[in-house]
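Inspection log for the structure reproduced underneath, given as structure tokens.
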Amino acid sequence: MKRSAGILWIAFCLAALTPARAQAPGGEKGSSASEVQRLNRAPVNKEVLRVKLPKPRQIKLANGLTVLVLEQHKLPTVAFTLWVETGALADPKDLPGLAKATAEMLREGTAHRSSAQLAIDVDGLGASLGASAEFGSDTSTVSASGLSESVDRLLELMSDVVLNPTFPPDEFAIYQKRQLAQVEQLRSRSAFLAQERLHKVIYGDFAAAVVSATPQSLKAMSPAELKDFHDRYYIPNNALLGVVGDVQFDQVVSLLQKYFGAWKGHPVARPDVGKLSPPAASKVTLVDRPDSVQTNILAGDISLRRADPDFIPLTVMNRVVGGGPSARLFLNLREKHGYTYGAYSSFTSETYPGVWRANTEVRNAVTDGSLHELMDEFKRIRTEPVPEPELDEARRAIVAGFALALEQPARLLDFWMTANYYRLPQDYWDRYPEQVAKVTPEVVGRMAKKYVDLDHLQIVCVGDGKQIKETLKKYGPLEVYDADGKRLE
């Protein structure tokens, strides 16, 4: 039997390698393979994607916790996501990293379990349980996922870390040492130094200017500060809980009442995050790293809030400029000039205006040429209408990515939690593909003039000042800092 199977496999391979003659419709002889013109184009459906997303059911528990439940029965899994509506943006000025530390210490011990026991319990379910509070975000997140047959046990563990963390001093001492090492490592990365300086230039005294904890803040923190932050903000009337997966609405709500019903709420005082300063005039900032062989270039300006109607048009504009390897920055700086391995653009958006930014990393010798091409692309998107084929490709890429995301239950839940949190229209995601398709060259130009603001564009370069400082002066007034953030000139 094995020999016969081997003979059949050889015959199949030979047949596959033998050129076949294609037959044209109607029985006419087709062209040979050598005569076929390969256009490298896939068939494209010209119709706009029409979707009607399954909507979650919403309920508010007696203690004020808002719950969204999205039933998805394709797989025997379930995922929970809790957004606490206070995050790193609320860090005290002298304790950056407090929200992050509070979130990441939730798993390190509760009133009922040690850190080790919690890890054993989570692993025993084949589940995941984690928490985070990213810098610049106004939320802290706790997430858990596993098999739907373990939903009762999973909610018990999740509620334990949310309601009953103890922030053990011995575990916190280990956390401090680990974070101090990570902060030191961050400061050795040019991409981090560029981001840190860009946010300081754009945001000034606003809380979003802070992108990392400091050695001083980490050493000053204590379990008492973490507990105070938790007690102040981790409350049900300051949270949104999403559920997606193979669950029944009534069943999961009953379990949520069982495990989160005793969670007590109280009034929440919103933290003072400062005020946004007016956009500063365009300038160049150098972070001097002696002997660096590359220049990390970051250029950007203030963007928009998540609920801003410009969000979708800006998404399309950004896709054209630098939203992927088929976008202009990549094709210009990498494919045409060979200056870099990659060049991209992106933007953030929160309850406050985020940042639109373009970034690349290049050899010192081509810093000037790279900046020249970046500025040319910025001017081009502002002044020249995007050709319809290029724009159409960008729009379709965005819609295709959206369509693929709909197959992922966790992404689908995130869409609806985003709509709830930012108070977007209920049909926002149903209309998303249509709104993307409506973006015209004129709209793209309007977005570029508004958000690629050359009068207020901030350029940050991290590299060897001896080699690039004189070059940078060609692109605007220059300020120089060292890698520790000290102003040099």
Rank-order 212-218, 232-238 by packing density, defined as the average count of other C-beta atoms within 10 Å over each peptide's residues, highest first. 232-238, 212-218
What FRET efficiency, computed as 1/(1 + (r/R0)^6) with R0 = 60 Å and r the Cβ-Cβ distance, is obtained for residue 406 and residue 364, rounded to the nearest 0.05? 0.85
What nm value, rounded to one decimal, do you get for the distance between residue 480 and residue 170 when each label is placed 7 Å out toward the C-beta? 5.2
Which listed residue (481, 105, 436) has the Cα farthest towards the positive end of the charge dipole for the chain, taking +1 on Lys and Arg C-beta and -1 on Asp and Glu C-beta about the Cα centre? 436
Mind jotting down a quarter of the surface of the convex hull over the alpha carbons of the chain, in square nanometres, one decimal? 31.7
What is the distance in Å between the Cα centroid of the range 141-164 and that of the range 376-427? 32
As a check on your grasp of the helix formula, calculate [θ] at 222 nm for the chain: sum -39500 (n - 2.57) over DSSP H runs of n ≥ 4, divide by the residue count, round to the nearest 500. -12000 deg cm²/dmol
Arranged from highest to lowest average of other beta-carbon atoms within 10 Å per residue, in what order do the peptides 266-272, 55-61 appear? 55-61, 266-272
Listed pairs 52/74; 227/258; 177/200 exceeding 28 Å between Cα atoms: none
Pairs from 379/486; 55/450; 100/219 whose Cα-Cα separation, in the structure shown, is over 24 Å: 379/486; 55/450
For 174-180, 389-395, 162-168, ranked highest to lowest by mean beta-carbon neighbours within 10 Å, the order is 162-168, 389-395, 174-180
Here FRET efficiency (C-beta to C-beta, residue 489 to residue 257, R₀ 56 Å, nearest 0.05) is 0.35
Quick check for me: using +1 on Lys/Arg Cβ and -1 on Asp/Glu Cβ, what's the dipole size of the range 410-460 about its Cα centre, in debye to the nearest 20? 40
Dividing the alpha-carbon radius of gyration of the range 57-260 by 2.2 N^0.38 Å, where N counts its residues, gives 1.08
Residue 52-residue 75 pseudo-label distance in nm [points 7 Å out on the Cα-to-Cβ vector]: 2.6
Length gained, residue 112-residue 249, 0.36 nm per residue minus C-alpha separation, equals 46.5 nm
Say each of residue 268 and residue 184 gets a label point 7 Å from the Cα, pointing the same way as Cα to Cβ; how far apart are those two points in nm? 3.7
Quick one: length gained pulling residue 418 to residue 442 fully straight, 0.36 nm per residue minus the C-alpha distance? 5.8 nm
Out of all DSSP beta bridges in the chain, what portion is antiparallel? Express it as a percent rounded to 5. 75
Report, in debye and to the nearest 20, how large the dipole of the chain comes out about its Cα centre when Lys and Arg carry +1 and Asp and Glu carry -1 on their Cβ. 960
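Where a number appears in this text, it was derived from the coordinates with a stated rule and is not lab data. None of the values given here were measured: they were computed from a predicted structure. Don't worry about glycine lacking a Cβ; one is built from the backbone with ideal geometry, like all the others, and counts go over all protein chains shown.
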